[in-house]
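The structure appears below as structure tokens.
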Amino acid sequence: MTAMTVNDRPVNFDLDPATPLLWALREAANLTGTKYGCGEGDCGACMVLVDGEALRSCLITLAEAEGRFITTIEGLARDRSHPVQQAMVAEQAIQCGFCTPGIVMAAAALLRRNANPGEDEIRQAIPNLCRCGVYPRLVAAVQR
């Protein structure tokens with residue numbers, strides 16, 4: 001049994017400790033906002049906050065997540081009122097939406113560290129891939 005806090009709630013996963021956190025969140029906790037993209041840590045679609053740091057959940061095992069605080073897109077703001085979510089909509093930085101949860105989580109972690117990041121810092125802190133190409137609008141949304 002692996003214990004952690006997910007979206008401010010204690011959770012115990014009765015899964016193999018080698019299971020990627022991504023699959024525990026999606027399949028066992030039904031938190032499907034965290035997306036499966038590549039499974040290799042390249043795309044960022046599965047980004048969640050682990051103790052406040054944006055990490056790719058496909059690369060973290062349940063054993064590595066034990067005892068930690070996990071925040072998914074569902075836990076960021078249940079009513080989509082988080083400032084990053086609002087700015088993404090306002091700047092039209094959402095196209096198909098598949099990559100959006102991971103991008104929002106990376107941006108939220110960045111803004112928690114630095115409330116006024118420059119363009120270069122934004123681009124480095126949000127390495128997520130977006131097939132729709134929202135990158136210029138993404139930078140504007142984070143700066144907003």
Within region 38-80, DSSP-loop GluC sites (Glu not before Pro) with at most 16 other C-beta atoms within 10 Å are GLU40, GLU66
Distance in Å, no decimals, from the C-alpha centre of region 70-144 to the one of region 17-46 is 18
With +1 at each Lys and Arg Cβ and -1 at each Asp and Glu Cβ, the charge dipole magnitude of the chain around its Cα centre, to the nearest 20 debye, comes out at 460
Which of ARG78, ARG56, ARG123 fluctuates most in a GNM of the chain (C-alpha springs under 10 Å)? That residue is ARG78
Here, ARG78 and ASP42, labelled 7 Å along Cα→Cβ, have an inter-label distance in nm of 3.8
In whole percent, the fraction of accessible protein surface over region 2-76 that belongs to carbon or sulfur atoms, probe radius 1.4 Å, stands at 45
For the chain, dividing by residue count, accessible area per residue (probe 1.4 Å) in Å² works out to 52
For region 2-76, the charge dipole (Cβ of Lys, Arg +1; Cβ of Asp, Glu -1; about the Cα centre) points to a positive end, and the Cα of LEU76, GLY52, MET4 closest to that extreme belongs to LEU76
Comparing GLY75, GLY97, GLY39 in a Gaussian network model of the chain (Cα, 10 Å), the one with the largest mean-square fluctuation is GLY97
By the Kirkwood definition, with r running over pairs of different Cα atoms, the chain has a hydrodynamic radius in Å of 15.1
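The values are calculated or read from the model by the stated rules, or taken from the named source; none is laboratory data. All values reported here derive from a predicted model rather than from experimental measurement. Cβ coordinates were reconstructed from backbone atoms using ideal geometry, including for glycine residues, and neighbour counts include every protein chain displayed. Only protein heavy atoms, including side chains, enter the accessible area calculation; ligands, DNA and RNA are left aside. Shrake-Rupley method; radii C 1.70, N 1.55, O 1.52, S 1.80 Å.
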